[in-house]
Amino acid sequence: MRLFEHFPEHTQCPICGKNDDRQCFLMPIAYTQKDRICEAQPTHAHCIEDSLDQFVLDKELKIIYMTISG
């Protein structure tokens with residue numbers, strides 16, 4: 001995963017809903033992949049760390065997810 005030092009000015013983090021200029025990464029968007037390329041959403045790196053207690057493992061589907069409000 002590549003980290004970027006600046007968050008894009010005209011978008012919002014899908015976790016916190018803000019666009020604070022902090023370190024971020026591109027979160028792949030499900031079902032958008034075509035030929036190894038997909039759409040992605042800039043997401044604050046610190047929001048993932050701050051939300052670790054909200055992650056859930058679904059062993060049947062073999063996915064890890066978290067619920068976000070908004």
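Summary of values
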| item | result |
| --- | --- |
| Label point distance in nm, F55-F25, each placed 7 Å from Cα along Cα→Cβ | 0.9 |
| Reported label for calculated Rg and Dmax of the Cα atoms in Å given (i) 16.1, 54; (ii) 10.9, 33; (iii) 13.0, 38 | (iii) |
| Of the trypsin sites (Lys or Arg not before Pro) in the range 23-70, those whose Cβ has at most 16 other Cβ within 10 Å and which sit in DSSP loop | R36, K59, K62 |
| Gain in span if fully extended, Q33 to L3, counting 0.36 nm per residue against the direct Cα distance | 8.8 nm |
| Charge dipole of the chain about the Cα centre (unit charges at C-beta), most positive-ward option of M27, I63, C16 | I63 |
| Per-residue Cβ neighbour rank within 10 angstrom, fewest leading, M66, M27, M1 | M1, M66, M27 |
| Full-extension gain in nm, A40 to T11, via 0.36 nm per residue minus C-alpha separation | 9.3 nm |
| Size of electric dipole in the chain: Cβ of Lys, Arg +1 and of Asp, Glu -1, about Cα centre, debye, nearest 20 | 280 |
| Mean separation of Cα contacts under 8 Å (6+ apart) over length of the chain, as relative contact order % | 27 |
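A short reminder: the numbers here are calculations on the coordinates, not readings from a lab. Note that the structure is a prediction, hence the values are computed from the model and not measured. No Cβ is skipped: glycine too gets one built from the backbone with ideal geometry, and neighbour counts run over all protein chains shown.
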